[in-house]
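The structure appears below as structure tokens.
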Amino acid sequence: MNPARGVKFPQKKLGEAPAIIAGDDFAKLLKEVDEPYRMMIGLIAATGLGIGALPALRWRDLDLEIGTLSVRESVYEGKTQQPKTQKARRTIPLGPHAIALLKDHRDRSTRRSADDLVFPNKSGEPLRESKLLERVLQPAAERAGSDA
């Protein structure tokens with residue numbers, strides 16, 4: 001007989017809904033960060049990319065002529081990995097504003113080969129999403145007066 005039979009697990013508590021920043025609050029947040037972080041925040045807002053997918057984005061994942069972004073990898077603590085679910089692997093349409101911003105970013109970038117990351121750290125490796133949150137986004141939100 002299985003001693004675990006009949007054991008009931010506690011129900012998971014629902015997590016707190018993430019804060020949504022829009023309108024004037026979003027504009028204030030953007031004013032608190034410099035490039036390339038401003039562009040990264042705008043891309044997250046325009047595409048719905050998660051904080052783990054953004055640092056894994058490579059130039060080969062973008063088709064700036066057609067206007068698409070393909071999510072093929074994610075980053076966890078500075079290491080690339082496959083997305084957690086099949087649904088997370090997707091192609092996202094880009095609007096004209098996002099395309100123009102990405103083209104400008106590519107023109108300014110020193111790393112532009114297909115396998116290069118779009119938003120690398122100084123050594124060309126993936127940004128750690130936890131540091132991006134702790135050192136850039138959360139302080140910027142506090143300075144902007146938001147609870148994000």
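Just add up the charged neighbours of Val71: K/R +1, D/E -1, any other residue whose Cβ is under 9 Å from the Cβ of Val71. It would help to have the intermediate numbers written out before the result.
Values: positive: Arg72, Arg89, Arg90; negative: Asp61, Glu73.
Taking every Cβ under 9 Å from that of Val71, the sum is +1.
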Taking r as the C-beta separation of Lys79 and Arg135 and R0 as 22 Å, the FRET efficiency to the nearest 0.05 is 0.75
What is the stretch 23-144 by shape, rounded, prolate or oblate, if you read a ≥ b ≥ c off the alpha carbon gyration tensor as root eigenvalues and call it rounded for a/c under 1.5, prolate for a/b larger than b/c, and oblate otherwise? rounded
So what is the relative contact order of the stretch 45-148, in percent, for Cα pairs below 8 Å that sit 6 or more residues apart? 30
Add +1 for every Lys or Arg and -1 for every Asp or Glu among the other residues with Cβ under 15 Å from the Cβ of Asp116, and state the total. +3
Shape of the stretch 96-148, Cα gyration tensor, a/c cut at 1.5: oblate
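What does the charge add up to near Arg128, with Lys and Arg as +1, Asp and Glu as -1, over the other residues with Cβ less than 15 Å from its Cβ?
-1
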Inter-label distance for Arg89 and Ala114, nm, one decimal - labels placed 7 Å from Cα along Cα-to-Cβ: 1.8
Label-point separation in nm, Glu16 to Arg60, each point 7 Å along Cα→Cβ: 4.0
With a/c under 1.5 counting as rounded, go ahead and sort the stretch 60-102 into rounded, prolate or oblate using the C-alpha gyration tensor (a ≥ b ≥ c being the square roots of the eigenvalues; past the cut-off, prolate if a/b is larger than b/c, else oblate). prolate
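A short reminder: the numbers here are calculations on the coordinates, not readings from a lab. Please read all numbers here as calculations on a predicted model, not as lab measurements. Because the Cβ atoms are built from the backbone with ideal geometry, glycine has one as well, and the counts that use them run over all protein chains shown.
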